[in-house]
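The values are calculated or read from the model by the stated rules, or taken from the named source; none is laboratory data. It should be emphasised that the depicted structure is a prediction, and the values quoted were computed from it without experimental measurement. Note: ideal-geometry Cβ built from the backbone for every residue, glycine included; neighbour counts use all protein chains shown. These accessible areas exclude ligands, DNA and RNA; they are computed on the full protein's heavy atoms, side chains included. Shrake-Rupley method; radii C 1.70, N 1.55, O 1.52, S 1.80 Å.
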Amino acid sequence: MGEEQRAKGHGAWSMEHGAWGMGHGHGAKGEGHGAIGNISVYFLLTIHYSLINHPSSHHSITPSLHNYFSILRVTTEIMQIKKSSKVYDVIIVGSGAGGGMATKVLSEAGLNVAVVEAGPFFDPADPEQKTQMKWPWESPRRGAGTTRPFGDFDSAYGGWEIEGQPYTRMPGTRFEWFRSQMLGGRTNHWGRISLRFGPIDFKHRSHDGLGEDWPISYNDVKPYYDRVDKLIGVFGSKENLPNEPDGFFLPAPKPRLHELYFIEGAKKVGVPVIPGRLSMLTKRINEERGVCFYCGQCSRACSVYADFSSGTCLIFPAQKAGGQIDLFVNAMVREVLTDHEGKATGVSYINKEDRQEYQLNGKIVVLAASACSSARILLNSKSKQHPAGLGNSSGLVGKYLHDSTGASRAAFIPALMNRETYNEDGVGGMHIYTPWWLDNKKLDFPRGYHLEMWGGMGMPSYGFGFNPNDLNKYLGERIGGYGDQLRKDVKKFYGSVVGISGRGECIAREDNYCEIDPNVVDEFGVPVLRFNYTWTDHERYQARHMHNTFEEILDAMGGKILGDKPGQDQDYGLALPGQIIHEVGTTRMGNDPKKSVTNSFEQLHDANNVFVVDGGPFVSQADKNPTWTILALAWRTSDYIVEQIKKRNI
Amino acid sequence: MLIGGVAGGLLLTGCQPGKGEEVKTTASDDKHYGRTDKEKQRDERVMAESFFSEHELATIAVLCDLILPATATAGAATEAGVPEFIEFIAKDLTSHQTPLRGGLMWLDNRALYAFEHTFSACTEVQQKELLDEIAYPDEADPEVAQGVAFFTRMRNLVLTGYYTTRMGIDDLGYKGNTPNVWDGVPEDVLAKHGLAYDEAWLAKCVDQDKRNIVAEWDEEGNLLT
């Protein structure tokens, strides 16, 4: 599953959102500083630095400069930009996969780092923030998605819409934008599917003439994939498939019952299946992180750090190792500040708690706010030297936005009726998967997709028990009713529905983009993004093929396929752009500054001390989930930054 | 002075022993379910409101126990607190409000014309007679389609409210949400389904006796430990 994984809706067959792996609030905790109001600001800042630079446990790092700036405000009582005299070696904007990796590598190199995160501090081990192992009744809405689209226990603070932070769309186009504002960002709830891009994925234009080749090859990234595997941990298996590179895998968990059915069914119709590749620790990788205890709730973030989240696996360890890291939370970056030569000098941000404007000085700025948020920051960073926005001399910032394609289907498997119940939560996601297995030259669409499968006896949450016996229609039995029969029907069908999702590659196009809406600002006065995104028949025909595959496999499993095959009027079941939450490409890399925003080290062509380490620099998406590649490239870029500093090139 | 009241670190507590070593998890806090400040405020606001009248709640309670009466081994829906859940969810997901309120009135009206009593004042036999005409969507008279829609919604909420409680989960038999070591489908279940693990596949799977031994690989990526 992609990060979208858990969006199965609240229909009849939705179990716990997270159970299939499909699916706040502390900021700066320090309060009451007003008591020291008369001490000089300089003195306060000095104390502050000494405290936050102290390599104490990560729990104590949350307080940020805003507390001190707040005092300044109280003293002066006028609205003004709060500036600090401190100069960071590097300012990192965002703390998700890319920002976390940059934080770790750059702080370990001895650099003085500021991490600026739009949301609050988050630690899934904090009992106040933890949702793992909660029962449905611990939520008064039983886990319903009232405030969190993937349900109450999902660890993403944000969603498709965030109050006070709108985005818009060009008429006639759709794009759904999922944001999670918290330390670790979307890595706290993602599906943990951790795939390397293969050799063809980096050079796909050379294979089919479509899209663009990356300026780097698999061999450039391989050493970093290797390091990421060993540092973070991913289970999988050596398969020697041509475009699905193997890595340093932890052993896979055994398939669940419905997954065995899938393997059998797929075999009958010639679809290969291999163990899943997900970043949960089925085996210990160090003494700091725990080992998976198979609750199936990775979407809630792991309290023993046995799955990958950026906070728990990158930022906390970097802090523990004594890194010079100042963490600014609830800090929304407005723009990158530049000097008369057009080089970055820092960032400005809004402290969400006091709604004041602050500036931080840095010698290097690393953007990792997510592909679209980083593009927004760049486009909003206008100056005499960068009149169209920082890094945008090519006019391509925000262009080539692309998300994975997606489609899903489910079936009722009569052989899985009246199951004996046992704990099959497993890891929070699929134990098996199907990488792309066909040759597009023989098909009516150009790029591939992989298959993810779901099902099982998950933990009930809001939506469980809806339309409890609609499946009786396949058995010639009565639908509806009340009384004891309902209990029997609920048990009869529990765990008897399985589903398959396809996740495929969309070719990046210049005319799919985000840009600054000329008329709309958010609650902080910052101009917002406007999206323009359409699908083509490439993606529609791919979705049609996905549904054909789903039907073949589900039928071979002995399943009664639910719902009708979506037709042309429904884009053949293709998910809306953005819904798979793999959006990338907005600051794509390349050797030609006219055709790309960043170079092969994710460095802006237009300002050599600004880097982008989220999904923005992706040239193409591949039929793989992007996170492992974001991590590998962020590490590679961070090494490059250290090297360039040593050479005094930046 | 800056060190705020953030809770302590990884409080490792031993849980049910699995293969290899004991399974480690962390402490939980019964008072919280991981809300953000905004969500806490919203919860408080919603909790302080009330939506259904006493009569409506009484009718909901009657419907709850007609839909899920007690069995020899499990309690009825009212014993699981389902009416309280329905009151909350109507305030939380406000799209339920008009269909529920209107549906209850539809049902009372139907009962008044048929038996000269509101639904909750009818005898159980009368109540079941009224439900029989709206409880089976495929068989219902189109005349009562609105009643069918209401009862379908009510049945959905009663079942979801029930099976998300301890009582409902025990009745269902869900065994998870507890630390454990997954080591495959139980043998008897495999046998019942005529399935077996493929040996080549199993060779790629975790040896749970070694799960706590730190992973090491050779240069080719072969796991050594």
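Before moving on, here are some points about what is shown:
- Matching residues in the stretch B:131-147 - criterion: being surrounded by 21 or more Cβ atoms within 10 Å (Cβ to Cβ) and more than 7 Å from chain A (Cβ to nearest Cβ): B:Ile134, B:Gly147
- Filter result for A:Arg540 (basic (Lys, Arg), surrounded by 22 or more Cβ atoms within 10 Å (Cβ to Cβ) and not in a loop (DSSP other than H, G, I, E, B)): no
- Only one of the listed residues (A:Val584, A:Val619) is closer than 30 Å to A:Gln644 by Cα and touching a Leu at 6+ places or on another chain (Cβ under 9 Å). That residue is A:Val584.
- One residue alone among A:Phe445, A:Phe466 is of a type in the set (Phe, Trp, Tyr) and either open to solvent by 10 Å² or more (accessible area, probe 1.4 Å) or in a helix (DSSP H, G or I) (or both), and that residue is A:Phe466.
- Residues in the stretch A:128-178 that are over 13 Å from A:Gln297 (Cα atoms), among the aromatic types (Phe, Trp, Tyr), within 13 Å of chain B (Cβ to nearest Cβ) and open to solvent by 30 Å² or more (accessible area, probe 1.4 Å): A:Trp137 only.
- Selection within the stretch A:336-357 - crowded, with 23+ Cβ neighbours inside 10 Å and in contact with a helix residue (DSSP H, G or I) (Cβ under 9 Å, 6 or more places away or on another chain): A:Val336, A:Val347, A:Asn351
- For B:Thr178, the requirement of being touching a strand residue (DSSP E or B) at 6+ places or on another chain (Cβ under 9 Å), surrounded by fewer than 16 Cβ atoms within 10 Å (Cβ to Cβ) and over 26 Å from B:Phe51 (Cβ atoms) is met.
- When B:Ser120 is tested against (1) open to solvent by 30 Å² or more (accessible area, probe 1.4 Å); (2) farther than 17 Å from A:Pro140 by Cβ; (3) touching a Gly at 6+ places or on another chain (Cβ under 9 Å), just one condition goes unmet, and that condition is (3).
- Selection status of A:Arg487, at the interface with chain B (Cβ under 10 Å from one of its Cβ atoms), crowded, with 17+ Cβ neighbours inside 10 Å and in a helix (DSSP H, G or I): yes
To keep it simple, each residue is scored yes or no on (1) open to solvent by 10 Å² or more (accessible area, probe 1.4 Å); (2) under 26 Å from A:Ile193 (Cα atoms); (3) in a helix (DSSP H, G or I).
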site: A:Asn591; (1), (2), (3): yes, no, no
site: A:Lys594; (1), (2), (3): yes, no, no
site: A:Ala607; (1), (2), (3): no, no, no
site: A:Lys624; (1), (2), (3): no, yes, no
site: A:Trp628; (1), (2), (3): no, yes, yes
site: A:Asp639; (1), (2), (3): yes, yes, yes
site: A:Glu643; (1), (2), (3): yes, no, yes
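- Checked against the criteria, A:Asp220 does not count as in a helix (DSSP H, G or I) and within 12 Å of chain B (Cβ to nearest Cβ).
- Some residue of the stretch B:86-102 being out of contact with any helix residue (DSSP H, G or I) (no Cβ under 8 Å at 6 or more places or on another chain), part of a helix (DSSP H, G or I), small (Gly, Ala, Ser) and within 11 Å of chain A (Cβ to nearest Cβ): yes
- Among the residues making up the stretch B:135-157, a single one is closer than 30 Å to A:Gln132 by Cβ and in contact with a Pro (Cβ under 9 Å, 6 or more places away or on another chain): B:Asn156.
- Residue check for B:Asp29: within 7 Å of chain A (Cβ to nearest Cβ) and either under 27 Å from B:Thr178 (Cα atoms) or at pLDDT 95 or above (or both): yes
- Checking each residue in the stretch B:47-56 for being buried (at least 18 other Cβ atoms within 10 Å of the Cβ) and either among the aliphatic types (A, V, I, L, M) or assigned to a loop (DSSP other than H, G, I, E, B) (or both) picks out B:Phe51, B:Phe52.
- A:Cys295 meets all of the listed conditions (1) closer than 14 Å to A:Arg192 by Cα; (2) in contact with an Asp or Glu (Cβ under 8 Å, 6 or more places away or on another chain) but one, namely (1).
- Close contacts from the stretch A:189-211, counting a first residue that is assigned to a loop (DSSP other than H, G, I, E, B) and a second that is β-branched (Val, Ile, Thr) and open to solvent by 10 Å² or more (accessible area, probe 1.4 Å), with Cβ to Cβ under 6 Å and a gap of 6+ residues or different chains, come to A:Leu210/A:Ile507; A:Gly211/A:Ile507.
- Put simply, of A:Val304, A:Val336, A:Val347, A:Val365 the only residue that is outside any helix (DSSP H, G or I), more than 22 Å from A:Gly98 (Cβ to Cβ) and not aromatic (Phe, Trp, Tyr) is A:Val304.
- In the stretch A:248-301, the residues that are more than 7 Å from chain B (Cβ to nearest Cβ), open to solvent by 20 Å² or more (accessible area, probe 1.4 Å) and out of contact with any strand residue (DSSP E or B) (no Cβ under 8 Å at 6 or more places or on another chain): A:Glu264, A:Lys267, A:Lys268, A:Val269, A:Gly270, A:Glu287, A:Glu288
- Every residue from the stretch B:197-212 that is touching a Pro at 6+ places or on another chain (Cβ under 8 Å), outside any strand (DSSP E or B) and hydrophobic (A, V, I, L, M, F, W, C): B:Trp201, B:Val206
- Residues in the stretch A:572-594 that are among the hydrophobic types (A, V, I, L, M, F, W, C) and either over 12 Å from A:Phe175 (Cβ atoms) or touching an Asp or Glu at 6+ places or on another chain (Cβ under 6 Å) (or both): A:Leu574, A:Leu576, A:Ile580, A:Ile581, A:Val584, A:Met589.
- Against the numbered list (1) open to solvent by 20 Å² or more (accessible area, probe 1.4 Å); (2) in a loop (DSSP other than H, G, I, E, B); (3) more than 18 Å from A:Thr629 (Cβ to Cβ), A:Pro215 comes up short only at (3).
- Scanning the stretch A:322-333 for residues that are open to solvent by 10 Å² or more (accessible area, probe 1.4 Å) and either of a type in the set (Ser, Thr, Tyr) or under 27 Å from A:Ser299 (Cα atoms) (or both) turns up A:Asn330, A:Met332, A:Val333.
- Condition check for A:Asp522: open to solvent by 50 Å² or more (accessible area, probe 1.4 Å), out of contact with any Cys (no Cβ under 6 Å at 6 or more places or on another chain) and over 17 Å from B:Gly173 (Cα atoms): no
- B:Tyr162 being within 8 Å of chain A (Cβ to nearest Cβ), touching a Leu at 6+ places or on another chain (Cβ under 6 Å) and either open to solvent by 20 Å² or more (accessible area, probe 1.4 Å) or of a type in the set (Ser, Thr, Tyr) (or both): yes
- Annotation: of all residues in the stretch B:211-225 being within 7 Å of chain A (Cβ to nearest Cβ) and out of contact with any strand residue (DSSP E or B) (no Cβ under 8 Å at 6 or more places or on another chain), the one that is surrounded by the fewest Cβ atoms within 10 Å (Cβ to Cβ) is B:Val214.
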